[in-house]
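Below: the structure, in structure tokens.
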Amino acid sequence: SFYTGVLSQRFKAELVEEETDNLFWHHAMPLKRTLTRMTYRGIQADREYIKHLADRYRRLVQEKRYELFDVAKCEFNQASTPQLVKLLYHDFQLPITRTTEKTGAPSTDKIALKDLAEIHPVPQLILDLRKLCKLCSMLDGNDGIERSGKKQESYGLLGHIDQQGRVHTNLLSSGTVSGRLC
């Protein structure tokens, strides 16, 4: 906020000239002050509910994995691109709708899987599983897939809640094209 204020004085004449001074003083600066307060105070988070959600999503990950392996009729690592390429394009003989930019290999990205989901159920199950794994990872840092002998540390939202039950993050009002806080 300090540097924003300093820069605002530096560019005051330009703000008036471009008729953006009203937007700056009445919208951007109050938003900046609010975001700064939120950053320092933190945002209240319900630790127990987040744990509950993470457990729920982890169960859904396991259910989706069983469903995927049942439909695919084989075990495979859905995070392994080579195994997905083999399963989708060689075993199931699905058409190659996209290739990777670097190597020209068949793609297993979200767009390719969405295209393939229209003609086979496995790509949609993989997309669903990826989404659930991402939710688990976001909440508690664990993607929901059990791995023997490998303990995963908690780096998700749960790992950032302080003793008072608050999450302190940097809320920047600029820096993204989408307009989302980053």
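The values are calculated or read from the model by the stated rules, or taken from the named source; none is laboratory data. Just so we're clear, the structure is a prediction, and the values are computed from it rather than from any experiment. All Cβ positions, glycine included, derive from the backbone under ideal geometry; neighbour counts span all protein chains shown. When the accessible area is computed, the model is the full protein with side chains, heavy atoms only, and any ligands, DNA or RNA have been set aside. Shrake-Rupley method; radii C 1.70, N 1.55, O 1.52, S 1.80 Å.
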Can you report the number of residues in segment 60-81 which are more than 23 Å from the chain's Cα centre (by Cα) and either farther than 16 Å from LEU125 by Cβ or basic (Lys, Arg) (or both)? 1
Please give the number of the condition LYS102 fails out of (1) basic (Lys, Arg); (2) touching a residue at least 12 places away in the same chain (Cβ under 8 Å); (3) outside any helix (DSSP H, G or I). (2)
Of residues in segment 121-142 being closer than 19 Å to ARG59 by Cα and more than 18 Å from the chain's Cα centre (by Cα), the one surrounded by the most Cβ atoms within 10 Å (Cβ to Cβ): LEU125
Identify all residues within segment 90-99 that are over 27 Å from GLN62 (Cβ atoms) and surrounded by 14 or more Cβ atoms within 10 Å (Cβ to Cβ); write none if there are none. ILE96, THR97, ARG98
Within segment 150-173, restricting attention to residues that are open to solvent by 60 Å² or more (accessible area, probe 1.4 Å) and over 22 Å from LEU132 (Cβ atoms), which residue is modelled with the lowest pLDDT? LEU172
Quick one: which of ALA28, ALA45 is small (Gly, Ala, Ser), surrounded by 13 or more Cβ atoms within 10 Å (Cβ to Cβ) and either within 27 Å of GLY156 (Cα to Cα) or modelled with pLDDT of 90 or more (or both)? ALA45
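Residue-wise test of (1) assigned to a loop (DSSP other than H, G, I, E, B); (2) open to solvent by 50 Å² or more (accessible area, probe 1.4 Å); (3) within 27 Å of ASP140 (Cα to Cα).
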residue: ASP55; (1), (2), (3): no, yes, yes
residue: VAL61; (1), (2), (3): no, no, yes
residue: CYS74; (1), (2), (3): yes, no, no
residue: GLN78; (1), (2), (3): yes, no, yes
residue: LEU116; (1), (2), (3): no, no, no
residue: ILE119; (1), (2), (3): yes, yes, no
